[in-house]
1. Scan region 122-138 and tell me whether some residue there is over 25 Å from V13 (Cβ atoms), more than 17 Å from the chain's Cα centre (by Cα) and outside any helix (DSSP H, G or I).
2. Return a yes/no flag: does region 129-140 have any residue that is more than 19 Å from G24 (Cβ to Cβ) and in contact with a strand residue (DSSP E or B) (Cβ under 7 Å, 6 or more places away or on another chain).
3. Considering only residues that are crowded, with 18+ Cβ neighbours inside 10 Å and in contact with a strand residue (DSSP E or B) (Cβ under 9 Å, 6 or more places away or on another chain), which ones fall in region 46-68?
4. Do any residues in region 65-80 that are closer than 19 Å to L102 by Cα have Cβ atoms under 7 Å from those of residues that are surrounded by fewer than 20 Cβ atoms within 10 Å (Cβ to Cβ), where the two are at least six apart or on different chains, and which pairs are they?
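Read-outs throughout are calculated quantities, based only on the coordinates presented, and are distinct from any laboratory measurement. Worth saying up front: this structure is predicted, and the values here are computed from it rather than measured. So basically every Cβ, Gly included, is an ideal-geometry build from the backbone, and we count neighbours across all protein chains shown.
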Amino acid sequence: VTDVAESLRRSGVDQLVVVNGHGGNYVLSNTVQEANSESRRMALYPGREDWETARQQAGLVSSGHDDMHAGEIETSLLLHLCPDLVRDGFQDADHVAERPDLLVLGMRGYTSTGVIGSPSQATAAKGKAVLESLTDSFAGTLAVLRNGRRS
């Protein structure tokens, strides 16, 4: 990411948003923070706050901790955007697990199905509300890059 950002900067692109589609990419936060300490203009989106705001605005009932993978938020997004990708039986697939050794054991240490969360709580309406919230907060992220503050 740093190499790509540097190449873009040399080509005249002095602001960059890294769009993170995976919650487990913790290293990206450090990469963006280090880049900004060197006077580059880089943002990471969506951030934890963006997801939490989207959860609240969509009326999700599960927490970000409990709803880790294929749970309420991800299934809601899929029900809204690509309902044909959601398998039958998601309503009965809830699986919540504490994961103290996730980085050592990986997902397979805690779930055989890939679900850690509550897909039974998912709806297309919640997915639409999550996406609308994320769209709004993305505009705020762009404003910070352009103006140094949210508009």
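1. Checked region 122-138: at least one residue is over 25 Å from V13 (Cβ atoms), more than 17 Å from the chain's Cα centre (by Cα) and outside any helix (DSSP H, G or I).
2. Checked against the condition, which is being more than 19 Å from G24 (Cβ to Cβ) and in contact with a strand residue (DSSP E or B) (Cβ under 7 Å, 6 or more places away or on another chain), region 129-140 yields at least one hit.
3. Those that are crowded, with 18+ Cβ neighbours inside 10 Å and in contact with a strand residue (DSSP E or B) (Cβ under 9 Å, 6 or more places away or on another chain): P46, S62, D67, M68.
4. D66/V96; H69/M107; H69/G114; A70/G114
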